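Heads up, the thing below is written out as structure tokens.
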Amino acid sequence: LSDYTTLIYAFFFGLILSSAFFVYKQIGKFNLNKLLFLFLGLLFALWFVGLETFKTTHSMIVLFISGAIAISAMILPGISGAFILVLLNQYEFVINAIKNLLVSKLLVFGFGALIGLLSFSKLLDYLLTKHKQLTMSFLTGLMAGSLRIPIEKVMIFQQSLPPIIITALLGFISLFFLEKKFS
């Protein structure tokens with residue numbers, strides 16, 4: 001990540017774009033509602049990935065809530081749980097808690113993640129069962145909007161265009177083949 005920043009983000013761009021393509025294919029025929037949900041997902045992601053880090057403490061309640069929110073983000077395509085932890089000012093703390101075996105902090109974080117996983121997966125299951133095409137439209141927009149991060153990173157660390165394009169294509173193609181093979 002430090003030596004090949006541009007290429008890593010180009011690869012992520014390809015992965016996210018390929019993922020968005022497969023989610024998009026599940027939307028079906030477009031109508032105004034689906035287009036609205038796609039646009040809302042796009043706007044939300046563009047706004048969200050541009051947020052500044054929150055100034056939070058590392059109290060037990062904040063760790064619990066951070067675990068619940070981060071794991072919920074991991075269920076959604078295009079949103080990184082690690083990015084959520086960075087935004088909540090918890091990423092470095094949790095990494096250090098793992099490194100230093102701060103068991104009580106890790107248990108609270110893990111319990112928050114478990115509760116978040118169980119509750120958010122039920123909500124997502126409900127949305128996919130009752131409103132699948134609208135949910136897929138929103139998720140497609142969410143993924144398209146999250147492309148802001150790799151695009152910005154590639155533009156910051158300017159490099160020769162052919163390796164960037166090749167790496168992005170490798171990301172796209174690798175996920176494309178995995179999706180085709182494992183559906």
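Note on Phe54 and Phe21: with the Förster distance fixed at 25 Å, the Cβ-Cβ geometry gives a FRET efficiency of about 0.15. Among Tyr4, Ser19, Leu101, which residue has its Cα positioned farthest towards the positive end of the charge dipole of the chain, with +1 placed on the Cβ of Lys and Arg, -1 on the Cβ of Asp and Glu, and the dipole taken about the Cα centre? Result: Ser19.
Ranked from largest to smallest solvent-accessible area, with a 1.4 Å probe on the protein heavy atoms, Asp3, Asp125 come out as Asp3, Asp125.
Taking the radius of gyration and the Kirkwood hydrodynamic radius from Cα positions alone, what is the Rg/Rh ratio for the chain, to two decimal places?
Values: Rg = 17.8 Å, Rh = 17.7 Å.
Dividing the radius of gyration by the Kirkwood radius yields 1.00.
Probe radius 1.4 Å, ligands and nucleic acids ignored: give me the carbon and sulfur share of the accessible area of the stretch 4-93 as a rounded percent. Let's see the in-between values first.
Working: 3700 of 4950 Å².
Using a 1.4 Å probe with all protein chains present, the stretch 4-93 comes out at 75 percent carbon and sulfur.
The share of alpha-carbon pairs in the stretch 40-109 lying farther apart than 16 Å comes to 48%. Comparing Leu38, Leu161, Leu46 in a Gaussian network model of the chain, where Cα atoms under 10 Å apart are tied by springs, the biggest mean-square fluctuation is seen for Leu161. Helical content of the chain, expressed as a calculated mean residue ellipticity at 222 nm, amounts to -26000 deg cm²/dmol (DSSP H runs of 4 or more residues, -39,500 (n - 2.57) each, divided by residue number, nearest 500). Scanning the chain for DSSP H helices at least 18 Å long along the axis (C-alpha atoms) with a Kyte-Doolittle mean no lower than 1.6 picks out 5-24, 32-48, 60-75. Largest GNM mean-square fluctuation among Ala113, Ala97, Ala68, using the chain with Cα springs under 10 Å: Ala97. Using a Gaussian network model of the chain whose springs link C-alpha atoms within less than 10 Å, name the residue from Leu134, Leu32, Leu114 with the highest mean-square fluctuation. Among Leu134, Leu32, Leu114, the largest GNM mean-square fluctuation belongs to Leu32.
As a calculated quantity, the FRET efficiency between Ile173 and Leu106 at R0 = 41 Å, using C-beta atoms, amounts to about 0.65.
Per residue, how much accessible area does the stretch 88-183 show when a 1.4 Å probe rolls over the protein heavy atoms, in square angstrom?
Spelled out: the 1.4 Å probe surface of the stretch 88-183, per residue, equals 65 Å².
For His131, the accessible area of its heavy atoms, probed at 1.4 Å with every protein chain present, is near 80 square angstrom.
The values are calculated or read from the model by the stated rules, or taken from the named source; none is laboratory data. Fair warning: this is a prediction, and the values are worked out from it, not measured in the lab. So basically every Cβ, Gly included, is an ideal-geometry build from the backbone, and we count neighbours across all protein chains shown. In case anyone asks, the SASA skips ligands and DNA or RNA and just uses the protein heavy atoms, side chains included. Shrake-Rupley method; radii C 1.70, N 1.55, O 1.52, S 1.80 Å.
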